[in-house]
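Undergrad: I'd like to ask you about the structure that follows.
Just so it is clear, none of the values below were taken in a lab; they were calculated from the coordinates. Bear in mind that the values here come from a model prediction, so they are computed numbers and not experimental data. Because the Cβ atoms are built from the backbone with ideal geometry, glycine has one as well, and the counts that use them run over all protein chains shown.
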Amino acid sequence: MPESIHYPRYADASLVRTKFATTIEEIVEAIGEITIVAKREGLVELMTWLRDEPGLRFNYLSDIGGVDLGEFASPRFAVAYQLYSLEHNHRLRVKVFLEEDDAHLPAMWNVWKASNWLEREIYDMFGVTFDGHPDLRRILMPADYEGHPLRKDFPVKGY
């Protein structure tokens, strides 16, 4: 029977808060899962440390997800990075909230190469840009397509 996946202890996450006090807004523990809510500023340094710290080693970016919270929500967008440690069998979520008129994040290309297509998908579907991305262009929709289909204000039948 495979060993079950577990989440780092809340105490482990609190150590991250101490080191990145200006980047981390909140650490949420729910149903045994830990989510770090972070600011855009210092995000690359935080993610690099999470990848390289021997006690954590989140060396696998399993997914990046985007969410449109609605055109009347503030902040409007959330981007969630799903991290996994192959060495320690840990999972962690890092979430960043973004305002509609300032929807950009630093690219994680230099931290995890797997971020390339995942960031392109979020750019294509939600319009969130990734600063420093090596090839930020549409991945699912045609290059000349107008709009971002997963935004809540996008018409059901398109434009």
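Undergrad: In segment 48-79, which residues are surrounded by fewer than 17 Cβ atoms within 10 Å (Cβ to Cβ), closer than 30 Å to Asp153 by Cα and small (Gly, Ala, Ser)?
TA: Those that are surrounded by fewer than 17 Cβ atoms within 10 Å (Cβ to Cβ), closer than 30 Å to Asp153 by Cα and small (Gly, Ala, Ser): Ser62, Gly65, Gly70, Ala73, Ser74.
Undergrad: Return the residue satisfying two criteria in turn: it lies in segment 114-152 and is assigned to a loop (DSSP other than H, G, I, E, B) and under 14 Å from the mean Cα position of the chain (by Cα), and of such residues it is nearest to Gly70 (Cα to Cα).
TA: Among residues in segment 114-152 that are assigned to a loop (DSSP other than H, G, I, E, B) and under 14 Å from the mean Cα position of the chain (by Cα), the one nearest to Gly70 (Cα to Cα) is Val128.
Undergrad: Which ones in segment 26-48 are aliphatic (A, V, I, L, M) and in a strand (DSSP E or B)? Can you show your working first?
TA: Of segment 26-48, the ones aliphatic (A, V, I, L, M) are 27-28, 30-31, 34, 36-38, 43-44, 46-47.
If the condition is that a residue be aliphatic (A, V, I, L, M) and in a strand (DSSP E or B), then Ile27, Val28, Ala30, Ile34, Ile36, Val37, Ala38 are the ones that fit.
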